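Student: First, the structure itself, so that you have it in front of you.
The values are calculated or read from the model by the stated rules, or taken from the named source; none is laboratory data. Quick caveat: nothing in here was measured; it's all calculated off a predicted structure. Ideal geometry is used to build each Cβ from the backbone, glycine not excepted, and the neighbour counts take in all protein chains shown.
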Amino acid sequence: MGNQEILDKLRDTIVNQDIAGCAVATQEALDAGVSAFDAINGGLSVGMKIIGEKFEEAVIFLPQIMMSAKAMNAAMEILTPLLAEEKPGEGVGTAITFVQEGDIHDIGHRLVSTMLGANGFKIVDLGVDVSNDKILDEVVKLKGQKMVLVGSALMTTSMLGQKDTVEMLKEEGLRDAVKIMFGGAPVSQGWIDEIGADATAENAADASRVALELMS
Ligand code: HCB
């Protein structure tokens, strides 16, 4: 099997909600010499994108999405330890990663956190449905160190909370203590400019590149 076929097989296990098959195909891809990075970006994430589109077209519904998410998790359990080996850490700074309050979509958040960790960031993962108070606590704890806030929001409602996060940091006199990047499907560069954050990124690989740039 060629590399593209291997990646297509990974994609299809996500699209077909094949949890066991996804773990098997992931191991097969690694055995065939595909990197963990390529397996995620060229196979698994492509599958999740298709699933998102099918959901929007009402071709599939929430239970199927949850199964695809489980398949993705099964693959990430195998791939996460390998990402750190592929790109050893260089201590570039701390990334405080989180999903905005009211939002539990964590697939992209976890991908981004994993990629940042693989690119040398120390990760403080606050998880999902994170309040501004919790974010503030972490920024205060790390004040004076190189750090970047990496927030995700998948819903237009939770995305509005990103503006509150920036405002809160300004009010607390901490805006200059931290770089801020936000992402997730509804987030655009226009929104980032409007709320006074520093950057956004299309995907997890791009997020790592942008975060490294913000730290330099
Ligand atoms: Co969910 N859901 N969902 N959902 N869901 C969305 C997000 C909708 C857009 C679907 C739709 O209606 N078209 C929609 C939001 C509509 C809106 O606000 N405009 C929606 C809704 C409405 C809901 C519920 C309210 C449904 C309900 O209960 N009636 C509910 C919300 C509960 C809540 O959060 N309070 C809900 C629940 C679910 C699950 C549980 C079934 C499941 C989540 C499972 C999980 O995450 N553990 C789910 C899913 C999977 C989706 C879709 C189909 C896919 C999201 C996803 O995982 N994408 C999504 C449709 C869509 O997005 N097109 C749908 C794949 C990942 C890899 O992409 O964009 O998250 P990503 O991340 C990328 C990228 O954005 C970037 O890198 C990542 C990796 O490449 N990135 C960053 C992410 N964060 C970044 C941060 C940075 O700084 C930089 C880059």
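Student: From the residues in region 163-184 that are buried (at least 16 other Cβ atoms within 10 Å of the Cβ) and among the aliphatic types (A, V, I, L, M), which one is nearest to Arg209 (Cα to Cα)?
Tutor: Met181
Student: OK, next. Could you list all residues from region 121-149 that are in contact (Cβ under 8 Å) with a residue 40 or more places away in the chain and either out of contact with any helix residue (DSSP H, G or I) (no Cβ under 6 Å at 6 or more places or on another chain) or part of a helix (DSSP H, G or I) (or both)?
Tutor: Those that are in contact (Cβ under 8 Å) with a residue 40 or more places away in the chain and either out of contact with any helix residue (DSSP H, G or I) (no Cβ under 6 Å at 6 or more places or on another chain) or part of a helix (DSSP H, G or I) (or both): Phe121, Glu138, Val139, Leu142, Gln145, Met147, Leu149.
Student: Please go through region 132-158 and give me each residue that is within 14 Å of the ligand (Cβ to nearest atom) and not hydrophobic (A, V, I, L, M, F, W, C), ordered by number.
Tutor: Hits for region 132-158 are Gly151, Ser152, Thr156, Thr157, Ser158.
Student: May I pose another question? How about region 1-55: which of its residues are over 20 Å from the mean Cα position of the chain (by Cα) and of a type in the set (D, E, K, R)?
Tutor: Within region 1-55, Glu5, Asp8, Lys9, Asp12, Asp18, Glu28, Asp31, Lys54 meet the criteria.
Student: Here's a follow-up. Could you check Val92 against (1) at pLDDT 95 or above; (2) of a type outside the set (D, E, K, R); (3) closer than 19 Å to Arg209 by Cα and say which number it fails?
Tutor: (1)
Student: Pairs under 6 Å by beta carbon, first residue closer than 16 Å to Lys122 by Cα and more than 7 Å from the ligand (Cβ to nearest atom) in region 194-216, partner part of a loop (DSSP other than H, G, I, E, B) and among the basic types (Lys, Arg), six or more apart or different chains?
Tutor: Close Cβ pairs (under 6 Å, with a partner that is part of a loop (DSSP other than H, G, I, E, B) and among the basic types (Lys, Arg)) amount to Met215/Lys146.
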